[in-house]
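Step one of this worksheet: look at the structure below.
The values are calculated or read from the model by the stated rules, or taken from the named source; none is laboratory data. Since we're looking at a predicted model, the values are computed, not measured. Heads up, the Cβs are rebuilt from the backbone with ideal geometry, glycines too, and the neighbour counts pull from every protein chain shown. The area values use the complete protein model at the heavy-atom level, side chains included, leaving out ligands, DNA and RNA. Shrake-Rupley method; radii C 1.70, N 1.55, O 1.52, S 1.80 Å.
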Amino acid sequence: MRGRAAHAGRAATAIAIATAILVAAPVISIVSLALQPATDVWHDLINYVLPAALLDTALLLVGVGALTLLVGAGTAWVISRHDFPGRGMLLWLMPLPLAIPTYLAAYVYADLFEPLGLVHRTLAIWLPLRDALGHLPNLRSLPGAIFVIGLVLYPYVYLSARATFQVQSAEFAEAATTLGAGRWTVFWRVSLPMARPALAVGVALVALETLNDIGASEYLGIRTLTVSIFTTWLNRGSLAGAAQLACLMLAIVAGLIAMERYGRRNANAEFSAESPHVRQRTPLSGARAWIAFAVCALPVLIGFVVPLFYLAHQALGRGLLANFDPLLWRHTFHSFAYAALATLMALMLALATTIAHRFRPDPLRYLAMSTAQAGYALPGLVIALGLLTPVLAVDSALSAVATWTGLSLPGLILVGSGTAVVIAYTIRFLAVPVGMIKAGFDSIPRDYDESARTVGAGQAVMLRQIYLPLLRPAMLGAVIIMFVDCLKELPATLLLRPLNVETLSTSIYQFASRGNFEDGALAALLIIAASIGPVVWLTRFSEVPSGPA
C-alpha cells in the first residue's frame with residue numbers, strides 16, 4: 001500500500017514538472033527564435049512599425065485600464081453600498097459583458113456607427129444626411145477601441161472590487177463619518193484605498209486581456225504590438241522578427257504582473273481590525289435611486305444588451321436561421337471538440353499539479369504549480385508563435401521514427417491535426433483549473449489528511465474518498481469557465497488551426513475580414529449563448545448579505 005502511494009506521489013510530481021515545462025516551452029522557444037538574426041526586418045520595424053505599435057499599445061492599455069477602473073469600481077461601490085429598485089436584477093446583469101468577446105463588440109459598434117449605419121440613419125431623422133455624418137464618432141480610432149474594449153472588460157474590475165466592498169469592515173467608514181467625512185469622502189479616502197489590492201488584480205486582468213486582443217484592435221485600425229507581431233509573422237514572413245517583438249510583449253506582461261503585485265502589497269494588513277462587521281446598505285429613493293440604476297445599467301446596455309440585440313436582429317433579418325448554413329455545424333463541432341479536449345487535458349494536469357503540492361508542499365512543487373499558472377499571462381498569439389518550433393520538432397522526430405521503423409505517417413501529426421490548438425488552449429487557460437482546484441484544496445483542512453493517515457489510508461484512498469468529493473464544485477466551475485474561454489479564444493486558433501478548418505471564432509473573423517461580418521451573426525450568438533451560463537454561475541455565489549450596522 002505504501003509503495004503504491006509513494007508511486008502515485010512520484011507520478012503526480014513528474015506530471016507537475018512536465019506541466020511546468022510545457023507552459024514554459026513557448027517562452028523558451030520565443031527567446032531562442034529571437035536570437036536569430038533578422039536585421040533587414042528590424043530596420044523597417046524600428047523605423048516604421050515599432051514606435052507607433054508601442055505608443056498605441058501603451059495608450060490603449062492606459063485608456064482601457066482607466067475606463068474599466070472608473071466603470072468597474074464605481075458601479076461595484078454603488079451596488080455594494082446602496083439598496084435601490086432594480087438592484088437585484090443588476091446583480092445578475094453587471095458581469096454579462098464578459099460573455100461578449102472583444103472582437104464581437106468591435107464588429108458590432110463599427111457597423112452601428114459607420115456611414116449609413118443605424119446611428120447615422122437615426123440622426124438623419126432630425127438632420128440632413130450629410131450634416132448627420134459630421135456628428136458620427138469615429139469608432140475606428142484609439143478612443144473608439146478604448147470605448148469598445150473597456151465597456152466589455154469592465155466586469156473584471158467590477159467583480160474583484162465588489163467582492164472587496166462587500167466584506168470591508170464598517171468600523172473604518174464609521175470612524176471617518178464620526179470625524180465629519182461625507183459619503184464621497186468615505187469612498188475616496190477609505191473604501192477605495194482599502195480595495196486597492198482587488199482593483200490591482202482586476203486592472204491587471206483587463207490589461208492582459210487587452211494585450212491578448214487582436215480581432216478588435218485590427219478591425220478598429222489600432223496597430224498594437226499584438227497586431228504588429230501578427231503582420232510581421234504572416235505578411236512579412238519573418239518568424240525571427242515576430243519572436244523579437246514577442247519578447248518585447250513578454251517584457252510588458254512582466255511589467256504588468258509586477259505592477260499587479262505592487263498594487264496588492266500588504267493586502268492582509270488592511271483587514272486587520274478586530275471583530276469586523278459588514279456595513280448595512282443605504283436605501284435610496286426618488287431621483288437618487290434612478291441615478292444609481294442608470295449608472296449601473298448603462299455599462300450593461302452598451303457592453304451586452306446592444307451587441308446581443310444587434311446580432312439577434314441581423315440573424316433574423318438576414319434569414320440565417322431559415323437558411324441555416326450546414327458549415328456552421330462543422331465549425332461548432334470543431335470549436336466544441338477543441339475546447340472539450342483542452343479542458344479535459346488541463347483538468348488532469350491541474351489535478352496532478354495541485355495534488356503533488358498538497359502531498360509534499362516543497363519549493364520544487366510550488367514552483368511547478370506557479371509556473372503552470374503563468375500561462376494565463378501569455379497572450380494567445382505569443383503562445384502560438386512559441387509553440388510552432390516545438391511542435392514541428394516533435395513532428396519531425398515522429399517522422400524520423402516512422403521512417404526508421406518502416407511505418408507510414410499521414411504527414412504532420414501535431415500541427416496538421418489541430419493538436420497544437422488544443423495544446424495552446426491548455427497552456428493559455430491552465431491557470432483557471434489550477435487556481436480553482438488550489439483554492440479548493442486550501443479549504444480542506446490538513447487535519448483531514450492526518451486523520452486519514454492514522455487509520456492507514458494511503459494517498460490514493462485520500463484522493464478518491466476525501467479530495468475528489470470535496471473538490472467537485474471547484475472542478476465543475478473550472479471546467480465551465482475554461483471551456484468558454486477556449487470557445488472565445490481567437491489569436492491562437494487563428495494561427496494554429498489546420499488548413500481548411502474553421503471554428504466559430506475564426507469563421508466570424510473571416511466574415512469580418514471580407515466585410516460582411518453580419519453573416520456571422522448566428523455563430524456569434526452561439527458563442528454568447530455558451531458564455532452566459534458560466535458568467536451567471538460566477539454571479540450566483542458573489543452576493544454577501546448586508547451585515548448589521
Item checked: Surface share of carbon and sulfur [accessible, 1.4 angstrom probe, percent] for the chain -> 67 percent
Check: Using the per-residue mean of other Cβ atoms lying within 10 Å as a proxy for protection, in what order, highest first, do the peptides 284-293, 15-24 fall?
Finding: 15-24, 284-293
Note to self: With semi-axes √(5λ) of the Cα gyration tensor in Å as the read-out, I listed (1) 37, 35, 23; (2) 45, 33, 18; (3) 35, 30, 21; which label goes with the value calculated from this structure?
What the structure shows: (1)
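Give the relative contact order (percent, whole number) for the range 131-202; include only Cα pairs under 8 Å separated by 6+ residues. Let's see the in-between values first.
Details: 30 pairs, mean separation 29.9, N = 72.
Relative CO of the range 131-202 lands at 41 percent.
Highest mean first, how do 43-53, 126-136 rank when packing is the count of other Cβ atoms within 10 Å averaged over residues? Before the final figure, lay out the partial values.
On the way: 43-53: 14.5, 126-136: 11.8.
The most tightly packed comes first, giving 43-53, 126-136.
Given a 1.4 Å probe, how much area per residue of the chain is accessible, in Å²? Present the calculation step by step, with values, prior to reporting the outcome.
Numbers: 25190 Å² over 549 residues.
Accessible area per residue: 46 Å².
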Notebook entry, point to check: At a probe size of 1.4 Å, how large is the accessible area of residue 318, to the nearest 10 Å²?
Noted result: 110 Å²
Next item on the list: Enter the accessible area of residue 450 (Å², nearest 10), with the probe set to 1.4 Å and all protein chains included.
Entry: 100 Å²
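Quickly estimate the mean residue ellipticity at 222 nm for the chain, helices only: each DSSP H run with n ≥ 4 gives -39500 (n - 2.57), and the total goes over all residues, rounded to 500. Walk me through the numbers on the way to the answer.
Details: 27 runs with 387 residues, N = 549.
About -23000 deg cm²/dmol.
Would you please put 150-159, 373-382 in order of how densely packed they are, using the mean number of other Cβ atoms within 10 angstrom per residue and starting with the highest?
Highest mean packing first, the order is 150-159, 373-382.
Sort 421, 461 by heavy-atom solvent-accessible area, probe 1.4 angstrom, most to least. It would help to have the intermediate numbers written out before the result.
Numbers: 421 0, 461 40 Å².
Order by accessible area, largest first: 461, 421.
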Notebook entry, point to check: In percent, what relative contact order does the chain have, based on Cα pairs under 8 Å that are 6 or more apart in sequence?
Noted result: 25 percent
